[in-house]
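The values are calculated or read from the model by the stated rules, or taken from the named source; none is laboratory data. Since the model is a prediction, treat every value here as computed from it, not as a measurement. Because the Cβ atoms are built from the backbone with ideal geometry, glycine has one as well, and the counts that use them run over all protein chains shown. When the accessible area is computed, the model is the full protein with side chains, heavy atoms only, and any ligands, DNA or RNA have been set aside. Shrake-Rupley method; radii C 1.70, N 1.55, O 1.52, S 1.80 Å.
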Amino acid sequence: MEKLTVVGIGPGDYDNMTVRADRALAESEVIIGYGVYIDLVRDRYPDKEFLSTPMTREADRCRMALESARSGKRTAMVCSGDSGIYGMAGLLFQLRGEAAEPEIEVVPGLTAACSGAAPLGAPLTHDFAVISLSDRLTPWEKIEKRLEAAAEADLAVVLYNPASKGRPDYLRRACDILLRRLPADRPCGVARNIGREGESREVMDLQSLRDFPADMFCTVFVGNSQTRVLGGALVTPRGYRDV
């Protein structure tokens, strides 16, 4: 049966790629993805055929992958982080529709909420929300409602796509929304270049986060009411009774 594998490659370094993801790419003939993600795996799989499209051509990229699989080639679509969380898996299923072929196998990967939390400590030990600040596919009004709801629910929050050249003030706007309900000294953190050269981490309060020079290489963490900074680590307790 024709088969297309959607592979989450994690943050980009081989150490954070799953064994299953590595096997899927090694067994493929064609690897398709956004150019930046292709560059992260190209050297490890030099014998593959690589195809890519620009950032705003996700649907074209998925159609290319489906056609490649239908032609009989073992095809893998690579996604940064996880293949389903802000990845291409959903769009591939949508474009395939009710058709039975090609078979789509989803291979999960380490999303930025996990790989970014690790260098900061343990900020997500309890319930949390993941919200993208990119309004390219989601209206800002809906993003604002989600931020308000997460703050009201006392959830730790992970912010993806906090800023870009076209959206330089979106993290500031998000912090202003959160500051309506959260205290200015709420512990927060930023992980940058996760799993790549120049990886860094910073811990700060919500007021300071408002002015942080974030970019698309950053993942932002906002603690809940129980989050503390312990020995420089951002820690959200789960509430174990014997502690």
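Assorted remarks:
- Evaluation of Asn224 against the conditions (1) over 18 Å from the mean Cα position of the chain (by Cα); (2) open to solvent by 20 Å² or more (accessible area, probe 1.4 Å); (3) in contact (Cβ under 8 Å) with a residue 60 or more places away in the chain shows that the sole unmet condition is (2).
- Taking segment 12-34 as the range and being open to solvent by less than 10 Å² (accessible area, probe 1.4 Å) and farther than 20 Å from Asp60 by Cβ as the test, the residues that pass are Ala21, Leu25.
- Close contacts from segment 8-19, counting a first residue that is among the hydroxyl-bearing types (Ser, Thr, Tyr) and a second that is not in a loop (DSSP other than H, G, I, E, B), with Cβ to Cβ under 7 Å and a gap of 6+ residues or different chains, come to Tyr14/Arg44.
- Selection from segment 53-69 of residues that are closer than 14 Å to Leu92 by Cβ and surrounded by fewer than 13 Cβ atoms within 10 Å (Cβ to Cβ): Asp60
- Total residues in segment 77-106, condition among the β-branched types (Val, Ile, Thr) and more than 15 Å from the chain's Cα centre (by Cα): 2
- Qualifying positions in segment 86-104 - in contact with a strand residue (DSSP E or B) (Cβ under 7 Å, 6 or more places away or on another chain) and part of a loop (DSSP other than H, G, I, E, B): Tyr86, Gly87, Met88, Pro102
- Looking only at residues in segment 175-190 that are farther than 18 Å from Lys145 by Cα and either of a type in the set (Asp, Glu) or in contact with a Cys (Cβ under 7 Å, 6 or more places away or on another chain) (or both), the one that is surrounded by the fewest Cβ atoms within 10 Å (Cβ to Cβ) is Asp185.
- Conditions (1) surrounded by 13 or more Cβ atoms within 10 Å (Cβ to Cβ); (2) without any contact (Cβ under 8 Å) to a residue 12 or more places away in the chain: number failed by Asp169: (1)
- Boolean, Val158 is touching a Pro at 6+ places or on another chain (Cβ under 8 Å) and at pLDDT 95 or above: no
- Hey, Glu141 outside any loop (DSSP other than H, G, I, E, B) and in contact with a strand residue (DSSP E or B) (Cβ under 8 Å, 6 or more places away or on another chain) or not: no
- The lone exception for Met204 - which of (1) part of a strand (DSSP E or B); (2) within 28 Å of Leu40 (Cβ to Cβ) it fails: (2)
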